[in-house]
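A short write-up of the structure that comes next.
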Amino acid sequence: MTSNLRVRTTVEYIIYKLKSLNFTIKPASGHLSPAKANYKTTKSVLMDNTEYGIVYAVHIITVQFGSVVSKVCECLLRRGPLSSRDISRLAESEISHNQVKDILYLLIQHNCVQAFSIEPPDGSESKAVVQYLVLFNNILHRVRYNKFSRVVNEELGRECGIVLDGLLSNGRLTLGQLIERDRDSEKIGEIVIRGSLQKLVAAHFVERIPSPEPVLGNKEQEPAKKKGSKAAKILKEPETLEERVLEAAIPVEAIRFPHVFVQDSNSSIADNDSNADNDSNADNDSNITEGKRKERDVDLSDPSNEVIWRPNFEEFIRRLRHKACVEIVKERRDEGCAIVLRAMLEVGRSQEKKVKTDKSVPMSVGSIYEEVITTIPGRTMLQERVEACLDQLSATSSYLPAFVIEVDGSYIVDFKAIISIAQKDEIEAVVMRRYGKEAFRMFRYLTMEGRFVETDRIADAALTEKKDTPQILLKMWQDGYLHMQKFAVTGGTGYTPPFLLWKVNKLIVTRQMLDEMYHASLNLSLRLTHELESEKELLLLSNKKDVVLEGAYEERLIKIKAKRLLLSSTRFRLDDALMLFANF
Amino acid sequence: MSKRKRADPKLSGRDPNEAHEKKLLDMIRSKQGAGATMYELKGDKTIPPTMFTRLVQSLKKKGLIKEIPTMNNKGHKHFLAMEFEPDKELTGGEWYIDGTLDVSKIEDLKAKCVMILERHRHRVVTLDVMCGYFVKEEKLSVDQTKEILKNLVLDNQIMEVKSNGLNEFASTRIGEVCYKLTGKKSGNGEARGGAFASIPCGACPHIGLCTPDGVISPTTCVYFQKWLEF
Ligand code: SF4
């Protein structure tokens with residue numbers, strides 16, 4: 001709103017000036033970035049899956065499950081939720097209905113798909129059709145399993161790491177299945193597994209699987225009476241279908257992360273689920289329709305009625321988000337500030353409701369200090385030093401925003417500010433490398449201004465050659481890094497070229513970066529496959545125990561191993577940066 | 001803004017084109033420092049179109065008008081009456097010499113600025129101190145000094161901070177604009193390198209054309225080839 005007003009002020013000023021000289025002004029067409037001509041400020045822009053996001057997700061599924069499974073996945077990614085019949089009809093290759101059902105079962109088992117149905121309108125004879133929703137982010141998480149595993153190994157130890165690995169590689173398992181699996185592999189023993197699972201659940205790293213097929217209330221017939229009611233004002237209606245489905249599927253906290261759980265419990269999960277959901281309904285008036293679990297296309301219940309567990313990706317992303325914040329603060333401030341921030345995140349974590357929280361709860365200096373001294377690096381810190389770090393974290397400059405906000409003697413972590421600065425660094429580094437330091441200055445100037453600025457003014461502010469400025473700006477605009485408004489000037493005594501206004505639109509740039517990063521991740525993966533393929537025989541040979549490679553063969557082996565290391569470690573690091581844009 | 005240099009010289013002689021010349025000169029004068037292009041002059045339909053070039057040449061010869069190349073569009077010449085100085089829109093402003101940005105001077109001034117801040121690495125330097133130096137030693141205006149400082153902020157080499165009167169700001173007024181260097185060496189943290197920018201695809205000008213099975217593809221990519229040379 002404010003920026004719009006500012007734009008108008010600039011434009012109006014120029015229009016006023018030109019009109020006084022007898023010119024006619026009209027906005028010219030083609031003012032949007034060519035790459036983003038169909039850009040809309042709608043929810044879709046905020047969604048994580050860009051075109052290359054979809055291609056990358058399909059690639060991940062192809063590598064791990066084969067091309068037939070990926071066809072089903074792609075169909076869902078491109079078309080949105082569908083019934084199994086529609087999938088077999090619309091998927092690009094011939095896949096029978098039964099095959100589709102098997103594939104969906106597999107994808108549900110690996111937490112990449114969630115089934116749901118929508119309650120038919122009142123009085124309607126038709127039966128609710130089960131639809132399948134693909135979980136884009138969960139597919140992308142599949143290349144992050146090492147990161148998740150490391151979090152658990154560091155925090156809860158190796159045994160919990162083994163149990164988690166079992167769940168990550170199988171998607172969903174019961175305690176019984178985990179024990180059985182252990183007999184054939186690690187052999188850490190039933191008691192250890194039970195204890196580890198309990199620890200994992202208590203730390204929220206593992207959760208009970210969501211309801212297999214929640215029924216959503218029909219939106220159109222959502223009671224109008226709700227409007228303006230107190231409950232509606234307090235509880236924000238979930239916006240996307242994915243959010244609605246997941247909210248309906250995930251059980252309440254006590255069921256999701258039970259404190260006590262027994263193997264072979266005779267109590268029915270369905271009963272528990274139902275009761276819990278009823279409770280939650282009574283509490284928050286949500287749109288889950290109860291007692292209407294429909295007969296499923298895919299039967300997910302375990303015959304023994306044992307609780308089925310799965311990794312809780314939300315918690316892993318939260319931990320990785322916190323870790324990234326600490327790293328960012330360490331680089332942009334110093335070690336001391338990083339220790340204090342880590343303590344603050346620890347204090348506030350249990351009260352974080354969702355992963356993408358903008359701000360933490362307020363914390364007192366006392367509670368922060370108490371946490372700081374429980375950590376090894378913070379043990380010797382004095383309260384005075386902690387306070388000085390908090391001052392440093394709350395300071396602002398042209399270089400850094402405040403990472404922590406002070407309100408009445410309490411401190412709040414500004415997650416958004418921390419993540420934004422890292423995103424900004426990523427974007428600016430690309431601008432610098434791709435377009436040079438003049439472009440870097442212009443881009444930074446436009447980011448700071450946050451409004452439309454005319455070409456010559458940009459050149460003046462960035463001290464760049466005026467005749468080169470339009471070309472540089474145009475290049476960035478063509479690649480979708482800038483937003484442009486063109487104004488044609490007609491009338492007067494001679495030809496006046498149109499004047500151009502430029503702006504950095506954070507939403508467009510972020511989406512562009514995200515798309516390119518998915519693209520680059522895909523490229524790294526494809527190149528790795530290509531490199532390994534070209535030395536397949538050599539690698540097979542090197543794996544044989546009785547073969548020793550020498551001379552040119554040895555050199556080739558060293559080279560391919562170095563390439564493999566560089567490509568996979570780069571992909572790993574790129575994914576960290578990608579999460580800054582997509583998940584944090 | 002445009003300065004009048006000297007009084008109007010009188011048109012003399014019995015040139016048959018005198019009336020047209022006078023008219024043209026008046027038109028050019030009325031444009032002051034902005035000058036007039038040939039296209040604009042030709043807008044006057046009372047002068048025969050074929051005569052313009054001759055008339056302009058004659059006025060130039062008599063030292064009544066001058067020709068200024070525009071900095072934005074070298075091919076577009078502007079005619080100014082002798083007594084006017086060209087506007088900033090034509091010359092580019094104080095940092096331009098003959099229509100070209102004086103990059104070496106700017107870079108030199110920026111380096112001096114960084115040197116001063118390096119010398120005071122452990123405290124901040126106020127805008128007043130900076131202006132004091134550059135106005136006295138380099139004959140810059142206060143605005144020019146500010147432009148140089150702003151440019152370094154845009155380069156991410158220095159940062160602008162407002163004094164809060166505490167610690168490193170002890171000798172400054174609260175709210176005073178100060179500067180210090182960025183970067184680990186100065187103890188102020190560094191911008192992150194950028195994971196995406198450090199790989200070939202991050203810097204690639206062809207990323208928009210690159211597809212898994214296309215002519216430009218990751219399997220045939222020359223940038224990757226170079227990057228993976230061991
Ligand atoms: S794979 Fe090569 S051509 Fe394709 S985007 Fe990356 S660097 Fe550019």
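The values are calculated or read from the model by the stated rules, or taken from the named source; none is laboratory data. Fair warning: this is a prediction, and the values are worked out from it, not measured in the lab. With ideal geometry, Cβ positions are generated from the backbone for all residues, glycine too; neighbour counts draw on all protein chains shown.
What to note about this one:
- Residues of segment B:180-211 that turn out to be surrounded by 14 or more Cβ atoms within 10 Å (Cβ to Cβ), facing chain A (nearest Cβ under 9 Å) and not polar (S, T, N, Q), as a count: 18
- Screening A:Glu426, A:Glu438 for residues that are within 8 Å of chain B (Cβ to nearest Cβ) and either crowded, with 22+ Cβ neighbours inside 10 Å or not in a loop (DSSP other than H, G, I, E, B) (or both) leaves exactly one candidate, A:Glu426.
- In segment A:89-109, the residues that are in contact (Cβ under 8 Å) with a residue 40 or more places away in the chain and within 20 Å of A:Leu133 (Cβ to Cβ) reach residues that are polar (S, T, N, Q) and part of a helix (DSSP H, G or I) with C-beta atoms within less than 9 angstrom, at least six apart or across chains, in these pairs: A:Lys101/A:Ser84; A:Lys101/A:Ser88; A:Leu104/A:Ser84; A:Gln109/A:Asn170.
- Set B:Glu107, B:Glu147: member being closer than 28 Å to A:Leu446 by Cα, at the interface with chain A (Cβ under 8 Å from one of its Cβ atoms), without any contact (Cβ under 8 Å) to a residue 60 or more places away in the chain and assigned to a helix (DSSP H, G or I): B:Glu147
Condition check ((1) farther than 30 Å from B:Met115 by Cβ; (2) modelled with pLDDT of 90 or more) across all residues:
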position	(1), (2)
B:Ile174	no, no
B:Cys178	no, yes
B:Lys184	no, no
B:Cys204	yes, yes
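- Yes/no for A:Met432 being buried (at least 18 other Cβ atoms within 10 Å of the Cβ) and within 12 Å of chain B (Cβ to nearest Cβ): yes
- Subset of segment B:187-230 (residues that are part of a helix (DSSP H, G or I), more than 7 Å from the ligand (Cβ to nearest atom) and not aromatic (Phe, Trp, Tyr)): B:Gly202, B:Ala203, B:Val222, B:Gln225, B:Lys226
- Any hit, segment A:547-565, residues being within 16 Å of the ligand (Cβ to nearest atom), assigned to a helix (DSSP H, G or I) and surrounded by 13 or more Cβ atoms within 10 Å (Cβ to Cβ): yes
- Residues within segment A:325-359 that are under 19 Å from the mean Cα position of the chain (by Cα) and away from chain B (no Cβ under 14 Å), tallied: 9
- When segment A:50-68 is filtered for residues that are in a helix (DSSP H, G or I) and polar (S, T, N, Q), the ones remaining, listed by number, are A:Thr62, A:Gln64, A:Ser67.
- Any hit, segment A:458-465, residues being touching a strand residue (DSSP E or B) at 6+ places or on another chain (Cβ under 6 Å), more than 8 Å from chain B (Cβ to nearest Cβ) and not hydroxyl-bearing (Ser, Thr, Tyr): no
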